[in-house]
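No lab work stands behind these numbers, since they all come straight from the coordinates. What you are looking at is a predicted structure, and each value in this text was computed from that prediction instead of being measured. We place every Cβ from the backbone using ideal geometry, glycine too, and count neighbours over all the protein chains shown.
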Amino acid sequence: MEQVDERWTRFLSGTLAEGWVISPLAGDASARRYARLAGPDGRTAILMDAGEGTGQDASLSAFLRLGGHLAAVGLCPPAVLAEAPVQGLLLLEDLGADTIATWLDRQPDEALHLYPAAVDVLIRLQAKPPPDGLLPLVPTRAAGMIGPLFDWYLPGTEARVAAAITGALQRALVLHAAAASHLALRDYHAENLIWRPDRQGTDRVGLLDFQDAVLAPAEYDLISLLRDARRPVSAEVRIAMIDRFSALTGRPVAGVLAACACLGVQRNLRILGIFARLARQEGKRRYLAMLPRVHMHVMEELDHPALATLRPLITAHVPPPETAMAAWGDR
């Protein structure tokens, strides 16, 4: 930690935050680190540390490029106050202390007030052309991304079983979620959305963690928001937000539901594998507690007719977490 503090101190020297009090913040599933900086006059800022080494420069370059796009279309990423991409460091505007998740932890009855604002951000985002150079999440690629499921949640899965599940998912995506034409921020959920109740419209939602954005079907970020691995979203909220998205985009609700089901299964099969890897390989055991909700999301989405071919394969070969974990041998 001393080395990290040294890097931070050198970076902050000469910036507006030089000498400010540094308070580390909880990290996310990545290797990035964050801290809130507080000045003597009450001003605050956020330090983002992507780490030094292979890949961090590209990650921060993507963050800067996409942040510029989001601001240009009238949304609210943090402004960049200072940058040192080669060192993996950014000094960012502090958008606020409350995420939608922490706000709703205190005031759960406000979900039908906050989630519409988050959906409206997606409506504005999708009304503008996406930036160039984004990876398209076409069905072949999206289905292939569930590989961590077989590597970490279901180690030892027979190749024929993995191929059958991946193939059935790909065919469902081709039929119901094939058009990878909209900017998707990918990790669009309540812990990455800052709630700013003193603002108006989409300014109430500050955006974080968008450097891994892709081109994807229109419903990708919607189902990321509504099938949240980290917190429950009620069926009432989920149905109301799908209806809102359908009405504001002009997309038939039946098509939105089918796409959400297919993309929700794709996302959550992948998340089962990613969370298992974080727990087993990196020792982040807190992710084990989230596995039951993620598995439940998969099983609920499989009730949709669009996934009729995939359902028996998942039922037969993707057991609930307690059963899967018992076979790991490293609990």
Amide H of Glu83 versus every other amide H placed in the peptide plane: which residues, excluding those fewer than 5 positions away on the same chain, fall under 5 Å? Leu91
Please compute P(r) over all alpha-carbon pairs of segment 100-326, binned at 5 Å starting from zero, and give each bin as a whole-number percent. 1, 7, 15, 19, 20, 17, 12, 7, 2, 0, 0
Helix-derived [θ] at 222 nm for the chain: sum -39500 (n - 2.57) over DSSP H runs of at least 4, divide by residue count, nearest 500? -14000 deg cm²/dmol
Using the crude model of +1 on Lys and Arg Cβ and -1 on Asp and Glu Cβ, and no other charge, please compute the dipole size for segment 283-331 relative to its Cα centre, in debye to 20. 300
Of Pro108, Ser224, Leu81, which is farthest on the positive side of the dipole of the chain, counting Cα position, with +1 on Lys and Arg Cβ, -1 on Asp and Glu Cβ, and the Cα centre as origin? Ser224
What is the Cα radius of gyration of segment 2-93 over 2.2 N^0.38 Å, N being its residue count? 1.06
Inter-label distance, nm, simple model (7 Å from Cα along the C-beta direction), Leu288/Arg124: 4.2
Between Ala62 and Ala159, the two model label points (7 Å from Cα along the beta-carbon direction) sit apart by a distance in nm of 3.0
Given Cβ charges of +1 for Lys and Arg and -1 for Asp and Glu, the option among Gly133, Val233, Ala162 whose Cα lies farthest towards the positive end of the dipole of the chain is Ala162
Rounded to 0.05, the calculated FRET efficiency for the beta carbons of Arg251 and Ala327 at R₀ = 30 Å is 0.15
Dipole of the chain, Cα-centred, from +1 at each Lys and Arg C-beta and -1 at each Asp and Glu C-beta, to the nearest 20 debye? 760
With +1 assigned to the C-beta of every Lys and Arg and -1 to the C-beta of every Asp and Glu, and no other charges, what is the dipole magnitude of segment 241-284 about the Cα centre in debye, to the nearest 20? 180
